[in-house]
Amino acid sequence: MPETSARAEYVEELDRLEQSALDGLDLVNAALTRTLEAIEHQDIELAQLVVADDDRIDGRYLEVHQSLITLLATQSPVATDLRLIASLLHVLKNIERMGDQCVNICKVIPLSGNEPPADEEMVKRILTMGRQTRTLISQAKRSFLERDVEQARDLVRQDDVVDNLNRECFYLALAIGDDADRREWAMTMLLTARAIERIADNAVDIGEQVAFVVTGLFREFEDASHPA
Amino acid sequence: MEEKKVSATVGSSEKKEGGTEHGSESLAQTAHASHLAHEAQMGSSGATTTAPSTGRAKTIEARDVNLFYGDFHAVENVSLTIKPNKVTALIGSSGCGKTTFLRSLNRMHELTPGARVEGSITLDGEDMYAGGVDPVRVRRLVGMVFQQPNPFPTMSIYDNVASGLNLNAGKIKKSQKDEVVERSLRGSNLWEEVKDRLDKPGLGLSGGQQQRLCIARAIAIEPEVLLMDEPCSALDPVATLAIEDLIGELKSRYTIVIVTHNMQQAARASDLTAFFNLEESGKPGRLVEVGETETIFTNPTEKATEDYVSGRFG
């Protein structure tokens, strides 16, 4: 017996919404790439572009969210479909937060003005964090699409790199010295590092959703309040 | 019409256990009398309310059950434990054998000419199909509510509820009968709606009320188990909700098995869900998976179950 056409449409719609939600991660990656470039070159105009462009990520969030609610209301999804929809709602929120963190960074970039960076080492680490986080975002998307729990779990390991760099930035900031301008710069850069670190954490959260879709069990890969 | 044939293999393995024969005796005779004594006591002490007597509900244990209509093998090797004070939903597409299986749980399957049962079905350890067990007794302990509400058309509301009592108890006092009728109608959440017109025909009620009348009729004789064969499929959503609420209340007193095509109803109203299907058309129905309803609808083990509950029929 072939699937009834209405049900087939529902299955197609769910596939489409998954793709559309996860493509939001490409938007985040594009925003993060620009953000890193803006940091590297202290490019205020590029930073403003990232702020303005965040509407696209928010728009994607609202649009897919609404369509998923409609599916819930009209199709009574259960089992894997239900878990997929629940996790996509979660992932959409992650994506929206990641976009917002890029905006947070881009809003503080003007502070550093056109002065040369006070500490090249710190900038270097932040750019490395950003590149590593882009890798995490791509891997989160791929592991979701491929329902690959091992790949999702590996995000924790990748995230450790980001966390360590963030800590190094903290010590570099402490050692920046007494000059008021340099300290302000270092504080701004710490906020930037922290924002990138949060983006990477959101990528790990998406990995946890992959495990939920596949196994039906939700468990945090790592619990900050109860470290292993 | 050909007489029913009940296979002699039923419960043969169970016989080795010491308690079985003893048990089937009680299924065969004692329960009837003790129930009436119980009834009389209830009456004389004035306990006419719906006070639930919890813990009475019984377990049905089906082991390697095979069901046949003549040469047609309808249900194959079903083993299923139906737990007391729980609602067990049987789901699966038409022709998968779930209704046939349901009808074997109170020996109604054998009423079809040529129908046969193999395997063992016990009620709290007592073999339902043992020789000497009166099928009428089994059906008294295991009541059935059907898809289409079927009140006796010529009877009043009162007589519909009291009908089982008249058949089972012979002469009983009018006052005692009044009490059972009221308790049963209260038990099926119908009392308030009909108490002023008990002498009116049962057929004058709405579909949902008629179904609750049939449930009152079923519980009037104090069964241990209630079987329901798509009890809401002929009802509107409001009446359906009333029946589902009622099922939720009744499970404190009875073991309930419900066959439903409405997946959301199984999800809403049952504690355990058993999924039946056919491997392919022409093959007998079989039990694919049974589990907590929540698990079946969020994370079933079998792909066939997943596809069915998700509406992916292929």
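General remarks:
- Search result, residues across region B:110-138 that are under 14 Å from residue B:60 (Cβ atoms) and not aliphatic (A, V, I, L, M): B:119, B:120, B:122, B:124, B:125, B:126, B:127, B:129
- Residue match in region B:225-248 (condition: among the acidic types (Asp, Glu), within 20 Å of residue B:61 (Cα to Cα) and within 12 Å of chain A (Cβ to nearest Cβ)): no
- Condition broken by residue B:234, with the remaining ones in (1) touching a residue at least 60 places away in the same chain (Cβ under 8 Å); (2) buried (at least 19 other Cβ atoms within 10 Å of the Cβ); (3) within 25 Å of residue B:153 (Cα to Cα) satisfied: (2)
- Test: residue in region A:165-179 that is more than 14 Å from chain B (Cβ to nearest Cβ), among the small types (Gly, Ala, Ser) and at positive phi: yes
- Breaking point among (1) of a type outside the set (S, T, N, Q); (2) closer than 21 Å to residue A:144 by Cβ; (3) in a helix (DSSP H, G or I); (4) away from chain B (no Cβ under 14 Å), for residue A:221: (3)
- Hits in region B:284-314 (condition: more than 8 Å from chain A (Cβ to nearest Cβ) and without any contact (Cβ under 8 Å) to a residue 12 or more places away in the chain): B:294, B:295, B:303, B:307
- Tally of residues being surrounded by fewer than 23 Cβ atoms within 10 Å (Cβ to Cβ) and among the small types (Gly, Ala, Ser) across region B:120-148: 4
- Residue list for region A:56-76, restricted to those being among the polar types (S, T, N, Q) and away from chain B (no Cβ under 14 Å): A:66, A:67, A:70
- In region B:163-205, of all residues being in a loop (DSSP other than H, G, I, E, B) and of a type in the set (D, E, K, R), the one that is nearest to residue B:253 (Cα to Cα) corresponds to B:195.
- Counting the residues of region B:255-265 that are modelled with pLDDT of 95 or more and farther than 15 Å from residue B:147 by Cβ gives 2.
- Residue within region B:256-266 that is out of contact with any Leu (no Cβ under 6 Å at 6 or more places or on another chain), at negative phi, within 11 Å of chain A (Cβ to nearest Cβ) and surrounded by 21 or more Cβ atoms within 10 Å (Cβ to Cβ) present: yes
- Of all residues in region A:77-87 being of a type in the set (Gly, Ala, Ser) and more than 7 Å from chain B (Cβ to nearest Cβ), the one that is surrounded by the fewest Cβ atoms within 10 Å (Cβ to Cβ): A:86
The values are calculated or read from the model by the stated rules, or taken from the named source; none is laboratory data. These numbers were taken from a predicted model, which means no experiment stands behind them. Note: ideal-geometry Cβ built from the backbone for every residue, glycine included; neighbour counts use all protein chains shown.
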